[in-house]
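J.: So that we are looking at the same thing, I have put the structure below in structure tokens.
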Amino acid sequence: MTRKAKELTRNDWVLAGLAALAEGGIDSVRVERLAKSLNVSKGSFYWHFSDRSDLLSALLDLWEKDFTAQLIANVAAQPTPRARLLALAEEALDASMDGVDVAQAEGAFSAWAVLDPAAAVRVRAIEAQRIGYLVRELSLMGADTAQAELLAKGIYLALLGVFSARRYNPALAEDAVFRRIVTLALDAVERRRR
């Protein structure tokens, strides 16, 4: 039994697009394929999107909102910058978000940015938000600008390394290693303050 177009929300299509992106890259995000995965006709797509570009923009919006802003919001109540950064590290290590493998999704967004200059602009802006947040928190801990930027990039690149290794060598992608890197970075800031 097929679903009716009106039963689906825009978010259903976006999540189907995210799953397709994570599993097969940007070339897998095709209206016909998504319609088949959602068990609806291809025409129902147009209830929610003007075209494929509209869907692709929505994917980047979701990545920014759910994979970035929401993680930051989730740790905002922590009492100190150190506590927020440790909690953020834990949040970032979640293996799944919106039912999609985070490591695969992160890799797919990066690969898409390599292929599409417009996507690259958005991906770089979202990564700048992520690194900017880390810099602000490290600065609140007492790091000077240069140290905060260096450590923020190091933490972020370590996380991307974990995500990359999860896809091909899970034994290498130990969450404990990333946690230790974050702790060492935070300890370095605190030692410098003394």
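The values are calculated or read from the model by the stated rules, or taken from the named source; none is laboratory data. Keep in mind it's a predicted model, so treat the numbers as computed, not measured. For neighbour counting, all protein chains shown are included, and Cβ atoms are generated from backbone atoms with ideal geometry for every residue, glycine included. For the accessible areas, the whole protein counts, side chains as well, though only heavy atoms, and no ligand, DNA or RNA atoms are used. Shrake-Rupley method; radii C 1.70, N 1.55, O 1.52, S 1.80 Å.
J.: Using +1 at the Cβ of each Lys and Arg and -1 at the Cβ of each Asp and Glu in the chain, identify which of Gly17, Phe45, Val162 lies farthest towards the dipole's positive end.
T.: Comparing the listed Cα positions along the dipole, Val162 ranks first.
J.: In whole percent, and with a 1.4 Å probe on the protein chains, what portion of the accessible area of region 85-194 is carbon and sulfur? Spell out each step's value before the answer.
T.: Working: 3300 of 5630 Å².
For region 85-194, the apolar C and S fraction of the accessible surface comes to 59 percent.
J.: Additional query: Quick one: length gained pulling Ser53 to Arg30 fully straight, 0.36 nm per residue minus the C-alpha distance?
T.: On the way: separation 23, 0.36 × 23 = 8.28 nm, distance 1.05 nm.
Roughly 7.2 nm would be gained on extension.
J.: How large is the helix-only mean residue ellipticity at 222 nm for the chain, computed as the sum of -39500 (n - 2.57) over DSSP H runs with n ≥ 4, divided by its residue count, in deg cm²/dmol to the nearest 500?
T.: Working: 9 runs with 135 residues, N = 194.
Dividing the helical sum by the residues of the chain leaves -23000 deg cm²/dmol.
J.: Quick one: dipole size for region 91-143, taken about the Cα centre, charges +1 on Lys/Arg Cβ and -1 on Asp/Glu Cβ, in debye to the nearest 20. Present the calculation step by step, with values, prior to reporting the outcome.
T.: Numbers: 4 positive and 8 negative charges, 64 e Å.
Value, rounded to 20: 300 debye.
J.: Over the Cα atoms of region 36-154, each weighted equally, I'd like the Debye log10 I(q)/I(0) at q = 0.17, 0.23 Å⁻¹, rounded to two decimals.
T.: -0.95, -1.38
J.: Something else about it: Between Ala83 and Glu174, what length comes free when the chain is fully extended (0.36 nm per residue of separation minus the Cα-Cα distance, one decimal in nm)? Kindly include the intermediate steps, with their values, before the conclusion.
T.: Working: separation 91, 0.36 × 91 = 32.76 nm, distance 2.12 nm.
Separation in residues times 0.36 nm, less the Cα-Cα distance, equals 30.6 nm.
J.: Now, a different point. With only Lys, Arg, Asp and Glu charged, each at its Cβ (+1 for the first two, -1 for the last two), find how big the charge dipole of the chain is about the Cα centre; round to the nearest 20 debye.
T.: So the dipole magnitude of the chain works out to roughly 140 debye.
J.: Residue by residue through region 12-21, what is 3J(HN,Hα) from phi via Karplus (6.51 cos²θ - 1.76 cosθ + 1.60, θ = phi - 60°)? Round to whole Hz and write x for glycine and proline.
T.: Coupling constants for region 12-21: 4, 5, 5, 5, 5, x, 4, 4, 5, 4 Hz.
J.: Further question: If one puts a single equal scatterer on every Cα of region 111-194 and applies the Debye formula without solvent, what log₁₀ I(q)/I(0) results at q = 0.18, 0.21 Å⁻¹?
T.: Once normalised to I(0) and log-transformed, intensities are -0.84, -0.99.
J.: Additional query: Could you size up the charge dipole of region 4-76 around its Cα centre, putting +1 on the beta carbon of Lys and Arg and -1 on that of Asp and Glu, and report it in debye to the nearest 20?
T.: 300 debye
J.: Once the Cα gyration tensor of region 1-74 is diagonalised, what are the square roots of 5 times its eigenvalues, in whole Å and ordered largest first, as equivalent ellipsoid semi-axes? Intermediate results must be reported in sequence, preceding the final value.
T.: Numbers: eigenvalues 98, 36, 25 Å².
They are 22, 13, 11 Å, listed largest first.
J.: Another question about this same structure. Relative contact order for region 1-73: what percent, with Cα pairs under 8 Å and sequence separation of 6 or more? Could you put the intermediate results ahead of the total?
T.: Values: 53 pairs, mean separation 25.6, N = 73.
Relative contact order for region 1-73 comes out at 35 percent.
J.: Which angle between 0 and 90 degrees, to the nearest 10, do you get for helix 175-193 versus the longest principal axis of the chain when only C-alpha atoms count?
T.: Between the helix axis and the principal axis of the chain, the angle is about 40 degrees.
J.: What angle do you read, to the nearest 10 degrees and between 0 and 90, between the alpha-carbon axis of helix 117-140 and the longest principal axis of the chain?
T.: 30 degrees
J.: Taking 7 Å along the Cα-to-C-beta vector as the label spot, tell me the Leu140-Asn11 distance in nanometres, rounded to one decimal.
T.: Output for this residue pair reads 2.8 nm.
J.: While we're here: Pairing the Cα long axis of helix 52-64 with the longest principal axis of the chain, what angle in degrees results, from 0 to 90 and rounded to the nearest 10?
T.: Helix 52-64 sits at roughly 30 degrees to that axis.
J.: Can you tell me, using C-alpha contacts under 8 Å and at least 6 residues apart, the relative contact order of the chain as a whole percent?
T.: Details: 188 pairs, mean separation 38.4, N = 194.
It rounds to 20 percent for the chain.
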